[in-house]
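Enquirer: Submitted below is the structure of interest, expressed as C-alpha cells.
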Amino acid sequence: LEHVAERGRPGRPRFRYVLTRAAERLFPSRYDDVFIDVLSALDDRDPGLADEMLKDHFARRIEELPEDIGEKPVGDQLAQLVKVLDDDGHMPAVEQTGPESWTVTTSNCPLLHISEGRPGFCQVELEFFRSLAPGATIDCTQRIAPGGNACVHMVKAKASKD
C-alpha cells in the first residue's frame, strides 16, 4: 500500500490508501478474460493479426535495448535476456552447462492464459528471446503452456566468424 495526503480540506490531513502496482497482482482480476476476448475478435476479423501485434510489442521492447547488444559477448547478451525475462515476470533461472552453453528455465509465463489456443504466441516470444541474444542459438525444449511446469530454453554460443 501507499498513501496519498488529501489536501485542501480543513482539519487534520486525510490520507487515501491505494494498492501499488506490485500489490495489484495479488488480487483477482479479469484482465486476461477481456484480453482473450479482444484477441479472439481480432483473429475473427484478420487471422494472424494478434501474432503481428505481439511482434510489434516485442519490437518496441527491443528498441529499449542498447544498440550494441549484438557486439557484446554471449554471456552479456544472456544477462540482458535474463534481465528482460525477470522484468516481465518470467522468473528465470540460468545454469551454465558448458563453456559456451546454458539452460534458461522460466517458471512463470505472463502469456500463459492468453496464449492458449495461439501456438504462434510462443514462437513469437522465442524469436524475441533470440533477438535479445543474437550471438547464440536458442531452442525451446519444454513449454509451460501444454501442461509443463516450466519453459526450458537451451542456449549455445554461435561459432565466431574469425
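The values are calculated or read from the model by the stated rules, or taken from the named source; none is laboratory data. This one's a predicted model, so the numbers in the text were calculated from it and none came from an experiment. Neighbour counts run over all protein chains shown; Cβ positions are idealised from the backbone, glycine included. Ligands, DNA and RNA are excluded from the accessible area calculation, which covers all protein heavy atoms including side chains. Shrake-Rupley method; radii C 1.70, N 1.55, O 1.52, S 1.80 Å.
Enquirer: For Q80, work out the one condition from (1) open to solvent by 60 Å² or more (accessible area, probe 1.4 Å); (2) more than 30 Å from V38 (Cβ to Cβ); (3) not aliphatic (A, V, I, L, M) it doesn't fulfil.
Expert: (1)
Enquirer: Please identify the pairs in which a residue from the range 20-42 that is touching a residue at least 40 places away in the same chain (Cβ under 8 Å) has its Cβ atom under 8 Å from the Cβ atom of a residue that is of a type in the set (S, T, N, Q) and surrounded by fewer than 10 Cβ atoms within 10 Å (Cβ to Cβ), counting only partners at least 6 apart or on another chain.
Expert: none
Enquirer: Still on this structure: Being of a type outside the set (D, E), touching a strand residue (DSSP E or B) at 6+ places or on another chain (Cβ under 9 Å), open to solvent by 30 Å² or more (accessible area, probe 1.4 Å) and in contact (Cβ under 8 Å) with a residue 12 or more places away in the chain narrows it down to one residue among P110, P73; which is it?
Expert: Just one listed residue meets the conditions, P73.
Enquirer: Restricting to the range 13-41, and then to whatever is among the polar types (S, T, N, Q) and part of a loop (DSSP other than H, G, I, E, B), can you tell me which residue is modelled with the lowest pLDDT?
Expert: Here the answer is S29.
Enquirer: Moving to a separate point now. Exactly one condition in (1) modelled with pLDDT under 80; (2) open to solvent by 60 Å² or more (accessible area, probe 1.4 Å) is false for D44; which is it?
Expert: (1)
Enquirer: Go through (1) open to solvent by 20 Å² or more (accessible area, probe 1.4 Å); (2) in contact with a Gly (Cβ under 8 Å, 6 or more places away or on another chain); (3) over 21 Å from Y31 (Cβ atoms) one by one and return the number of the condition W102 breaks.
Expert: The failed condition is (2).
Enquirer: Looking at L54, L49, which is the one that is under 12 Å from the mean Cα position of the chain (by Cα), surrounded by 13 or more Cβ atoms within 10 Å (Cβ to Cβ) and more than 21 Å from V155 (Cβ to Cβ)?
Expert: L54
Enquirer: Now, a different point. Among the residues of the range 113-160, which ones are surrounded by 14 or more Cβ atoms within 10 Å (Cβ to Cβ), of a type in the set (K, R) and outside any strand (DSSP E or B)?
Expert: Matches in the range 113-160: R118, R130, R143.
Enquirer: State whether the residues of the range 119-138 include one that is among the acidic types (D, E) and in contact with a Lys or Arg (Cβ under 9 Å, 6 or more places away or on another chain).
Expert: yes
Enquirer: Could you say which residue among R9, R60 is open to solvent by 80 Å² or more (accessible area, probe 1.4 Å) and modelled with pLDDT of 85 or more?
Expert: Criteria check complete, one pass: R60.
Enquirer: Still on this model: Would you point out the residue of the range 65-108, among those that are under 27 Å from A23 (Cβ atoms) and assigned to a helix (DSSP H, G or I), that is nearest to the chain's Cα centre (by Cα)?
Expert: L85
Enquirer: Determine whether H90 is of a type outside the set (D, E), open to solvent by 80 Å² or more (accessible area, probe 1.4 Å) and within 23 Å of D33 (Cβ to Cβ).
Expert: So H90 fails the test.
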